[in-house]
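Just so you know, all these numbers are worked out from the coordinates, no wet-lab data involved. Please read these numbers as outputs of a predicted model, since none were measured by experiment. Heads up, the Cβs are rebuilt from the backbone with ideal geometry, glycines too, and the neighbour counts pull from every protein chain shown.
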Amino acid sequence: MRKASPGSLRRAFQPWNDADAKPLVEFRGVTKRFGAVTAVSELSLSLYPREFFALLGPSGCGKTTLMRMLAGFETPDEGQILIDGIDITAVPPHLRPVNMMFQSYALFPHLSVAGNIAYGLKREGLPRAEIARRVEEMLALVKLGGLGRRKPDQLSGGQRQRVALARALAKRPKLLLLDEPMAALDRKLREATQFELMDLQSQLGTTFMVVTHDQDEAMTMADRMAVMDHGRLVQIAPPDVIYEAPVNRYVAEFVGDINVLEGRVTSVEGDLVRVETVLAGKVELDEEAPAFGRNASVLVGLRPEKIALNHEEPMQAVNKVAGEIWDIGYLGDVTMVQVMVGGEAGGLIKVALTNRTRHSARPFAWEDKVWLSWDVEAGLVLQP
C-alpha cells in the first residue's frame, strides 16, 4: 500500500479549527518595548503540535522580537508565554524545549560538521555513544552522510544551512525556530530547500516557526501564516486564505500583487455588489454577506492573474474596461503587462499572463489597444 504524500497529510492538518485541540505554544497579551518603541503590542497567538507556522512582515514589524521572546533571548514587559501549558516567561533559554536556527547559521569554524552537530549534545552531558548515534542520524536526515569530518569553510552555502539545521534538531526540541533560514541561498537552491524542509518537518513531527519577509517562502512552507505590522498580528490564516481573502489593503498589497480600485457602491442585491470605480467604471462583485450598503466608499482588490486580456471586446463579460498597453515585463513563467485605463486622468492596471508556449512571437505589444475583463468572483472588497 502506497504511503500518503506529505501534501495530503498537510491538507488534513487543521488543529486550529478543532475546539478540543490543545496548543503547544501560547502568547497571552504579550508586549515588548525598547525604550519609547513598542516592538510587540498586546499580542496573543497559539501554535499547535506539528504545525509549520510562518511569521511574515516587513523589517521592523516585530516578528524577530516575537521569536526571540519565545527563545528566551528577550523578556516580555507584559503578558505570558506558555509551552505545553507551562508558563516559561521567566525560564532561561537553555532550559526551554526550544532550539533556534539563526540566519547567519552561527557555525563554529574550528569544529567539523560532526563537531558542530554534537556541540549542544555534549553540553547536555549525553553519553558519547548516544551523541555519535544522534550525529549520524542527523547527517543522514539532512543528506550530509560522509561529510562529518569537513569544516564549515569546505561546504557550500546550502550544506552549511543543513549543518545548522541538523545541529538545531539534534537536541530533539519540541519547537524549532528558524530566523530567515533561506536568506543566504540563491533562488534555485532556496526553492528546492523549501520543499526539503517541509518534508523534514512532516517526517519529524516537530513544530516549526519560521520568521521571514519573503512571502513566497512563507506561502510555500507554512500550514498557517501570520502577517504582522507595527507589532500587531493583522491576519492569521492558511496561505490560500491570506492570499484570496485578505482582511485589509495592507495584507492584500503585502502578499502578492494586487490592483486596488477606489469606488462607491451603487447597489447591493444579496451577495451581488455593484460598484462604480474611478478607473474601471462599473464593476460587479460576488461578495459573501456584504457588511456595507449603497453609497458606501469601498476599495476593490483585483489580482493581476485573474484578469483576461484581449484585442477585441469580450461581449459576454460583465466586468470589462478598454485600455492601452503601457509597459510589458517578461519574467519567464509569466509576462506582466501594465495597461493604462481611464484616459489621461486614468491609471495603470497590472495583468499577469501565463507563458504557456515557447513561441517567441508576443500576442501583445506596446501601445496596443486592448480590453481587460474578469469574473464577478475575481474581485473582492478590501478594508482600508
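Descriptive notes on the structure:
- Gyration tensor verdict on segment 257-382 (Cα atoms; rounded if a/c is under 1.5, prolate if a/b is larger than b/c, oblate otherwise): prolate
- Estimated dipole of the chain in Debye, rounded to 20 [Cβ of Lys and Arg +1, of Asp and Glu -1, Cα centre]: 2260
- Here segment 257-382 is treated with +1 on each Lys and Arg Cβ and -1 on each Asp and Glu Cβ, and its dipole about the Cα centre works out to around 200 debye.
- Residue among Q203, Q103, Q215 with the largest mean-square fluctuation in a Gaussian network model of the chain, springs linking Cα atoms under 10 Å: Q203
- Among the listed pairs K63/K143; K306/K350; K63/K350, a Cα-Cα separation exceeding 19 Å is found for K63/K143; K63/K350.
- When the pairs K22/K174; K122/K188; K188/K320 are compared against a 26 Å limit on Cα-Cα distance, K122/K188; K188/K320 fall above it.
- Residue (of G281, Q203, L126) at the positive-pole extreme of the chain, dipole from beta-carbon charges: L126
- Sites E377 and E137 - FRET efficiency at Förster radius 45 Å, r taken between beta-carbons, to 0.05: 0.35
- Normalised contact order of segment 257-382, rounded percent, pairs of Cα under 8 Å and 6 or more residues apart: 30
- Between D179, D229, D77, the Gaussian network model of the chain with springs among Cα atoms under 10 angstrom shows the greatest mean-square fluctuation at D77.
- When you filter the trypsin sites (Lys or Arg not before Pro) in segment 291-384 for DSSP loop state and at most 16 other Cβ atoms inside 10 Å of their Cβ, you are left with R294, R356, R358.
- Förster radius 45 Å - calculated FRET efficiency between S59 and A21 (Cβ-Cβ, nearest 0.05): 0.85
- Of the labelled figures (i) 58, 56, 45; (ii) 76, 51, 51; (iii) 68, 56, 44, only one reflects Cα extents along the principal axes in Å as derived from the coordinates, namely (ii).
- Summary of the geometry: segment 123-194 and segment 326-384, compared by the centres of their Cα atoms, lie 44 Å apart.
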